[in-house]
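Every number here is computed from the coordinates shown, using simple stated rules; none is lab data. Owing to the predicted nature of the structure, the values given are computational and were not obtained by experimental measurement.
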Amino acid sequence: MPVPAPSEWTDALRGALPLAALAPGQVDYFFVSPAGRYVACTTHALHTVLIDTAQRRYAVLADWSVRGLDDASVELESDETRRQAFPVYADLWQPAFTDPALQWQSAKD
């Protein structure tokens, strides 16, 4: 059963999604960083989208799901290992938002 998100989180999501040309109906679940600058969501297409609202940019990561988000980094779990029966073997990645592996793109709006 879905858990309702606080209104400030849904407001942050609605403000961030146009930057990545996403609609609320495309999002399975999402996180908002404590300061509200970053939004990370997993879409129905099983892509993770990171949105930096301050710099008006976004990054799309295929095959990774969001596990956590703070003001400096995002915690991701490999979709391949997430589907396995033993979560202790999960492949985790926690890149900082300055990590060059995150391929940021300019906002689409």
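A few comments on the model shown:
- Phi-derived couplings, Karplus 6.51 cos²θ - 1.76 cosθ + 1.60 at θ = phi - 60°, listed residue by residue for the stretch 34-44: x, 7, x, 6, 10, 10, 10, 9, 10, 8, 4 Hz, with x used for Gly and Pro.
- Measuring nothing but how far apart in sequence close Cα pairs (under 8 Å, 6+ apart) lie, relative to its length, the stretch 1-85 scores a relative contact order of 21 percent.
- Shape category assigned to the stretch 2-57 from the gyration tensor of Cα positions, a/c cut at 1.5: oblate
- Residues in the stretch 7-21 carry Karplus couplings, in order, of 4, 5, 6, 5, 5, 5, 4, 4, x, 7, 4, x, 5, 10, 6 Hz; the curve used is 6.51 cos²θ - 1.76 cosθ + 1.60 with θ = phi - 60°, and Gly or Pro positions show x.
- The chain: C-alpha pair distances exceeding 22 Å, %: 27 percent
- Amide H to amide H distances under 5 Å link residue 29 with 42, where only residues 5 or more positions off or on other chains count and H is placed in the peptide plane.
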